[in-house]
Every structure is written in structure tokens, then in C-alpha cells.
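All remarks here apply to the structure that follows.
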Amino acid sequence: MQLAQIGNILGGEKILGKKLVNKMDLVELGSRGITKNAVSNLANFLSLSSKQVADLLPVTERTLQRYSPRQHFNQAVSEQVIHIAEVLAKGIEIFKEKSKLLLWLNTPHKVFSGNTPFSLLGSRFGSELVLEELGRIEFGVYS
């Protein structure tokens, strides 16, 4: 897992308040809560509107809009954001280019019953499926 890349996707040390060194840092970050700034960085990385981001998270668009930039989300929202960033970091590692990853994320695939990988990121189970498929791609095992 690329902890540095996860950190970059979420806004880096400046936004997260610390450098991500190990998985325990992710646990602590999820418990402490991700700020709206970190969610905004994720949205910018994916070129998403606030509605599209809200659709991926257990939060309404109105709640996203209401939060101040440094306000922390609860653990459920924070962990979902971190998990999405983890999927994206793995995708960047495999595809090497953000544009290639975004193309793959937005293309329907048979392995996902004709759904796009992006559409699965709003669910913990769906994002795990996407991570598993990225692992297969990494090792040249296509479904």
C-alpha cells in the first residue's frame, strides 16, 4: 500500500496534520476524523462535485456543504474516505497515470456485472472488490 500516495490524495501532511508512516496512522486518522479539506482534496483528485462525493459517503450533500474546512467528520465517513483513497493509491501504483486510472474507474467491466469500478466505491464491499481486481491486474490475472 502506498501510504504517501494516500496522504497526497487527501491533501498531504498540511491537511492531515501528520505524515502517514504505517497502517496504524490510518487507524488513528479514521478515529480522529478526516476534515472537510481532506474530503475536498479527494473530490478534486477525482474531479467530483459535492453531490457526487456525498453519493460515495454515508453523509448528505447538505452536510458536506455545512462543514467548515477544518471540521472533522465522524469515524464512518472518515474511514470510507480513507478507504477510497487507498483504492485510488493502489490504482495509481498499477496504472502509473491518473488519467489511465480514471478511465478504468469510469469504464463498465464484466467482472463488476457491467458496473463501473467507480460506482462501487460508495460501499465497503464494493471498494474491496475494486481493490481485489486491481490486485489481479497488478499480477496479470484478468477476470
With the requirement that a residue be outside any helix (DSSP H, G or I), surrounded by fewer than 13 Cβ atoms within 10 Å (Cβ to Cβ) and of a type outside the set (Gly, Ala, Ser), what does the stretch 22-57 give you?
Asn22
Among Leu121, Leu101, which is within 12 Å of Leu46 (Cβ to Cβ) and touching a Ser or Thr at 6+ places or on another chain (Cβ under 6 Å)?
Leu121
Identity of the residue in the stretch 64-100, under 9 Å from the mean Cα position of the chain (by Cα) and among the small types (Gly, Ala, Ser), that ends up farthest from Leu134 (Cα to Cα):
Ala85
How many residues, within the stretch 10-21, are of a type in the set (A, V, I, L, M) and either within 18 Å of Pro117 (Cα to Cα) or surrounded by fewer than 20 Cβ atoms within 10 Å (Cβ to Cβ) (or both)?
2
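Values quoted throughout were computed directly from the atomic coordinates according to the rules given, and no laboratory measurement underlies them. Everything quoted here is computed from the prediction, not taken from an experiment. Positions of Cβ are backbone-derived with ideal geometry, glycine not excepted, and every protein chain shown enters the neighbour counts.
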